1. Which one is modelled with the highest pLDDT among residues in the range 388-442 that are of a type in the set (D, E, K, R) and loosely packed, with under 11 Cβ neighbours inside 10 Å?
2. Given the options L130, L108, L88, name the one that is part of a helix (DSSP H, G or I) and either of a type outside the set (A, V, I, L, M) or closer than 30 Å to E668 by Cβ (or both).
3. From the list I694, I666, I657, pick out the single residue that is within 37 Å of the chain's Cα centre (by Cα) and crowded, with 22+ Cβ neighbours inside 10 Å.
4. Looking only at helices (runs of 4 or more DSSP H) that fall completely inside the range 630-707, which ones have 3 or more residues that are over 22 Å from W486 (Cβ atoms)?
5. Which one of these is in contact with a Leu (Cβ under 7 Å, 6 or more places away or on another chain), buried (at least 24 other Cβ atoms within 10 Å of the Cβ) and not hydroxyl-bearing (S, T, Y): L91, L123, L108?
6. Give the residue, chosen from R571, R539, that is surrounded by 18 or more Cβ atoms within 10 Å (Cβ to Cβ), among the basic types (K, R) and at pLDDT 85 or above.
7. Output the residues belonging to the range 637-655 that are hydroxyl-bearing (S, T, Y) and modelled with pLDDT of 90 or more.
8. Check the range 549-565 and report whether any residue there is outside any loop (DSSP other than H, G, I, E, B), within 34 Å of the chain's Cα centre (by Cα) and surrounded by 18 or more Cβ atoms within 10 Å (Cβ to Cβ).
Amino acid sequence: MGGCDGNGNLHEEKFSAPMPWIGMYVAAASFACLIAMAADVVLGFRYHKLWFPSKFFSINATTLTLLGVAIKLSVDLNTPMPNNHDQLAKLSSSVFICTAMSNSMPSLGAMENEEMFMNVIALGILVITLIVNICIQIATGAIFVFWNEHVAIMFIMFVLLTMLIFSAIAVPTTKNYLEKKYNNRHQLALKEGANQIMKAEKLREALTKHWVMAHTCSPQFVMGRSVICTASGAFCLLSTMFLAEVMLRTLVMTSSFKFCSGESDYKLTTTLILFTQAVAVGVGTIAPAFRWFMAINFKCPKRGSISVKKEFEIEKYWIQGLLELKKQPLTLRIKSRHYRKLAYEARNMLVDICIAMQKGIVLVSKAIRFISILFVSRIYLCCDIFKEWKIKKFECNTGPQSEQNQRPDFSSYVLFLEGEKALVEFMMRTNCNATEYWLQKGRKEEPENLLKLLQKSTFSQSFKGLAEFDSDQVPSLDSEEPPNCWALPVVTLTSIALALSSNNTCSIEMLVDGLNQGLVYINAIEDHLDHKSDFTYTRKAANIVWLQVDLYHTWLDVDLKNLSLLGKSPREVLKELAETSKSRFEESKRKRRDKFGCVMDVSPSKWSVKELASNSMHRICQTLLLNQTCDDRLFEALVVMISDIVGACLTNSQRVIAMKCFNSKIEEREATVRHAVHTLGKTERILEIVNKGIPPDLDPQQMGCIDEWRLSHKRKMIPSTFCFSSDSECDGSPLLVKVISPQHKCGV
């Protein structure tokens, strides 16, 4: 059985039979890492982030597992690897881990402190295990060529691991420091802009300021431009050069290396692994190398002007965390005072060693950057001279004041650490137009169906449909009424429109498509403005009901499409929906009875989905029956009401966009501001429409509540009914809602 025959002889060849499949598994893991690193490179170039944030290839459980599989050949202690591609595959696995560490270093900034330290410890265990295994293989002869290169790569691997660990130590300090600077800087903006409606131009300027602040204090960008991270790019590039040099020598000078005869148990999969990892190393080196060059770029804005003393000053934030740790008392409970003292002194001695190592790593990194600047700054100096010559040559065509000089100065909003003053000039030269890119991108993605829907609103009359979809004259189904949210009345009105749409197929499709786009913004607005969570259940009911209406054209299992095809008059349809909703409400209420037959008292804001939806349907249907006298134009009246409610809700968009900049974690802030700019680009034309309908007596706090809007209308309007007519009294417009007194009726 297995690898043993009947005579007790062991068949060793059967144990190596699965090895090619294991090799395929290693190649697949390496390919997955390659795809993740390539995705980060593509995103970096696409969004002009040449410091390449680690979005897909970051230090986490998934990546560490893939790396553990990908370096299988380097930790394989006893499998024969006789050929050149076998030995090269072992070396490529070692270089691959160097590339992975350097590539993913910025991701440390995007993690919470505990998560970051756990991931760094896991990576450290993996790297130390790899180094020990390579040493064993060199000693046993499993690695019999390229041992000089292996030693060099192990040294680079250890240096990169040390850099990564000590970079992680400084991350909490830099986050806290930049968070304080951000909060101090935007306090004025919070007071001026968070609770008022800003004009679009002012909002764009505010978003640009917040983007500059959010971008420059983004933890990944802070890590990516740090001296240690950029120096790691130089070491990563060096390890890649080692691999490239060995592969070229092996191809060109085959006779110079003495390889063994025979075949590896992995067979041809070692060639596949070597190819995949070599490509991964090449792609993975792009990001670290660019970070290195970008650091040189912004560190020498005045070409050739370099202060040696300032270059080698060690900023306080590198060791601030360790100094604070040294001051903290021990948490160990040791009874003996003598042993407590020994433990305290031992802890402090260890911290002192870490501080010395941190200073050493920072100094080495600064030395690498300084040497790089000495060489590369000469190239930049030539580029500057060429640019100045080009500007002088063509200055007659640019006019007395260039566009760059006319651009607002946001330099005071650039947040930087100690020793990073050059970042201000660098940001002003390169990245201040990022908000314009996202605005333009948003403008190309305008919700066209929503725009068409909003054009039917009565914004010139402050969205008066808000006051007319629900009447106080309709008796309540219960003793109390739940609070109104924005989404549920819109969903209910659309359900009624579907039930009346037998001859309006195109119109109902446009209505549903427009509302699908509008509900995205309505939900976002309610997420930000519902601070007390009063509308949680109501909003949940709206979302559940809309899912069924949108996909199946049903409302609480009532087939709306079938109802529209029965040939009933609009008044009959409304009566049927009102009765059905009342019965559903009573049915749901009965389920709330306890074992003694008493109905359990539940706050109206926490009613079930069926009760909230039924109550909304009953009230709206009864209101329409009470006011509606022109059955043939009811569908158009419903469209106007829906448009009015959506439009009134969207007047809060600018306030919500501003709030997004103020309320977000430091790790999420840049993406939040970018999303806010993108949203502003998509809704600029919408805001132009809806802002015309804002009542002067409503402040921004009241505008977020639909009941406040309705109260504002009730103070102004007398009881009215809808009249849609083609005569001169109704202006002949099929989409115009005309308010008339109850005594003036259109013909039935």
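1. D409
2. On the way: L130 fails: either of a type outside the set (A, V, I, L, M) or closer than 30 Å to E668 by Cβ (or both); L88 fails: either of a type outside the set (A, V, I, L, M) or closer than 30 Å to E668 by Cβ (or both).
That would be L108, the only listed residue that is part of a helix (DSSP H, G or I) and either of a type outside the set (A, V, I, L, M) or closer than 30 Å to E668 by Cβ (or both).
3. Of the residues listed, the single one that is within 37 Å of the chain's Cα centre (by Cα) and crowded, with 22+ Cβ neighbours inside 10 Å is I657.
4. Details: elements: 634-650, 653-662, 669-690, 700-703.
In the range 630-707, 669-690 are the helices (runs of 4 or more DSSP H) which contain 3 or more residues that are over 22 Å from W486 (Cβ atoms).
5. Every option except L91 fails the conditions.
6. On the way: R571 fails: surrounded by 18 or more Cβ atoms within 10 Å (Cβ to Cβ).
Only one candidate qualifies: R539.
7. Going residue by residue through the range 637-655, those that are hydroxyl-bearing (S, T, Y) are 643, 651, 653.
Across the range 637-655, the qualifying residue is only S643.
8. The answer is yes; a qualifying residue exists.
The values are calculated or read from the model by the stated rules, or taken from the named source; none is laboratory data. Everything numeric here is computed off the predicted structure, so don't read it as measured data. Every residue, glycine as well, gets a Cβ built from its backbone with ideal geometry; the counts of neighbours run over all protein chains shown.
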